[in-house]
1. Within the set of pairs 6+ apart or on separate chains, which have a first residue in segment 80-109 that is free of Cβ contacts under 8 Å to residues at least 24 places away in the same chain, a second that is open to solvent by 20 Å² or more (accessible area, probe 1.4 Å), and C-beta atoms under 6 Å apart?
2. Pull up segment 420-451, narrow it to residues that are of a type in the set (Val, Ile, Thr) and in contact with an Asp or Glu (Cβ under 7 Å, 6 or more places away or on another chain), then point me to the one that is nearest to Thr338 (Cα to Cα).
3. Out of all the residues in segment 295-305, is one or more of a type in the set (A, V, I, L, M), modelled with pLDDT of 90 or more and surrounded by 18 or more Cβ atoms within 10 Å (Cβ to Cβ)?
4. Within segment 117-165, track down each residue that is open to solvent by less than 10 Å² (accessible area, probe 1.4 Å) and among the polar types (S, T, N, Q).
5. Is it fair to say Thr359 is open to solvent by 80 Å² or more (accessible area, probe 1.4 Å), β-branched (Val, Ile, Thr) and more than 20 Å from Ile401 (Cα to Cα)?
6. Specify the residue that is nearest to the chain's Cα centre (by Cα); the eligible residues are those in segment 324-337 that are buried (at least 18 other Cβ atoms within 10 Å of the Cβ) and in contact (Cβ under 8 Å) with a residue 40 or more places away in the chain.
7. Residues that are among the charged types (D, E, K, R) and without any contact (Cβ under 8 Å) to a residue 60 or more places away in the chain: does segment 376-392 have at least one?
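The values are calculated or read from the model by the stated rules, or taken from the named source; none is laboratory data. All values derive from a computational prediction rather than experimental measurement. Ideal geometry is used to build each Cβ from the backbone, glycine not excepted, and the neighbour counts take in all protein chains shown. Note: areas computed on protein heavy atoms with side chains; ligands, DNA, RNA excluded. Shrake-Rupley method; radii C 1.70, N 1.55, O 1.52, S 1.80 Å.
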Amino acid sequence: MATQSAIVFSGIAPHPPIMVPEVGGEAIAAVRSSIEAMAEFTRRIVASGAETIVLISPHAPLDARAFVAYYSTKLHGDFGNFRAAETRVEFPLNRLLLETISKTAAEDEYEVMNLKHLGLDHGTAVPLYFLDRNGWRGRVVALGYSFLANEDHLRFGACVRKAADTLGQAVAFVASGDLSHRLQLESPAGYDPAAHRFDEEVVDAFEDNAPQRIIQINPELRRAAGECGYRSLLVALGATRELPADCEVLNYEAPFGVGYLVAQLTNAKAEPSKRAAPDLASEGTDLPALARQAVETFVRTGKSIPPPVEPSPLLSARAACFVSIKTLGGELRGCIGTIEPLKENLAEELIANAINAATRDPRFDPVAAAELGDLRYSVDVLGAAEPAEFGDLDPKTYGVIVEDESGKLRGLLLPDIAGVDTARQQVDIAARKAGIGRKAAMKLSRFRVDRYREKK
């Protein structure tokens with residue numbers, strides 16, 4: 001039997017000011033997926049019936065041994081530090097809930113220090129901006145974490161839940177935080193080749209509906225990542241530890257070398273059918289089927305099929321992909337793909353690449369109608385590329401992108417290809433495809449793929 005609580009929703013939201021259109025300007029194109037995910041995040045909070053949002057930010061003024069809370073009748077903030085002073089957020093404080101949190105925390109020997117009459121930090125203001133713009137109306141308790149141990153943050157989260165349950169008010173808990181800050185050479189906090197693993201572990205924990213794994217992440221990995229969302233997540237996990245996990249990644253991207261995750265942790269109003277952990281392998285079976293339908297329709301009629309009317313969440317996402325076509329004997333018959341997404345969603349990307357693989361691969365004649373029954377399809381969905389050194393490559397795990405110094409020539413090779421057993425082979429083949437000489441200076445990137453094969 002599910003545990004009942006006044007916490008009706010919880011999740012994590014990113015807080016880069018560049019997401020705010022008045023701050024980011026044209027640069028928001030790079031974070032459009034995060035902006036759209038925040039609209040869905042807000043819709044779920046509204047649907048949950050939350051009267052109050054409790055939000056914890058890593059950028060509130062820090063105290064070594066106390067948690068902090070903004071304390072004003074109207075909580076307010078602007079983006080003056082980011083050249084957009086006219087853009088503001090304002091929400092009423094739920095004073096009773098804050099006082100109850102402070103009292104409950106004191107019973108557990110934690111102090112909540114009030115920050116009186118201060119403007120909200122950007123870690124608080126950015127998520128509230130999107131909640132406001134997307135239609136959530138209610139009161140707010142805005143908190144900041146401390147330098148105390150991980151277990152203290154978990155226990156403080158439990159204090160927040162106890163306070164909400166004491167009052168019986170419907171609360172949504174939002175952990176504000178960005179993931180790794182060191183994913184690219186140009187990242188604001190520098191580059192660390194291990195940083196991507198922190199983001200992968202957090203995202204995988206959400207995708208596997210196993211959020212408690214986040215608590216066990218290696219502290220050295222967290223330090224390598226230079227993250228600012230971990231302790232926010234710990235408080236959220238403490239607040240929801242006894243509630244049924246209902247995790248869902250709404251979006252993850254890292255366009256500027258910083259990982260931005262929008263994800264649901266719990267949702268009391270979710271449809272029961274959505275409560276189970278997503279079966280990605282099952283969901284992916286429609287990808288090669290869609291590739292087959294696209295090719296067979298085009299070869300027979302010369303027309304492109306429309307995308308599915310009700311696509312799966314995977315096909316609704318925006319992603320690059322490669323479509324490979326092989327004969328029943330395993331011989332390659334065509335392979336075309338995109339390094340970066342060009343279409344609005346994966347369904348449209350896949351349809352275009354499938355048709356191109358069948359008709360425009362320069363190594364082969366176009367597929368004929370007589371061949372269609374003797375072909376098999378697979379689809380590789382590409383993850384985000386990250387800068388890499390030669391020693392970071394692993395042809396069984398990662399694909400590689402090779403560029404010349406100017407960035408004008410670029411070649412790609414997918415991972416786990418028969419006969420490609422070493423990083424040197426992988427780089428040489430990708431460089432040849434791009435027309436880059438073996439002795440030329442090269443820039444390397446690596447990426448993961450999710451591969452979906454048609455059943456035999």
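1. Cβ pairs passing all conditions: Ala85/Asp78; Arg88/Asp78; Glu90/Lys74; Glu90/His76.
2. Going through the qualifying residues, I end up with Val449.
3. Within segment 295-305, one or more residues are of a type in the set (A, V, I, L, M), modelled with pLDDT of 90 or more and surrounded by 18 or more Cβ atoms within 10 Å (Cβ to Cβ).
4. Thr124, Ser146 - these are the residues of segment 117-165 that are open to solvent by less than 10 Å² (accessible area, probe 1.4 Å) and among the polar types (S, T, N, Q).
5. Considered against the rule, which asks whether it is open to solvent by 80 Å² or more (accessible area, probe 1.4 Å), β-branched (Val, Ile, Thr) and more than 20 Å from Ile401 (Cα to Cα), Thr359 comes out as no.
6. Residue satisfying both the conditions and the ranking: Gly337.
7. no
Rundown of residues vs (1) surrounded by fewer than 16 Cβ atoms within 10 Å (Cβ to Cβ); (2) touching a residue at least 40 places away in the same chain (Cβ under 8 Å), yes/no style:
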site	(1), (2)
Phe206	no, yes
Asn218	yes, no
Glu227	no, yes
Arg231	no, yes
Arg241	no, yes
Ala245	no, no
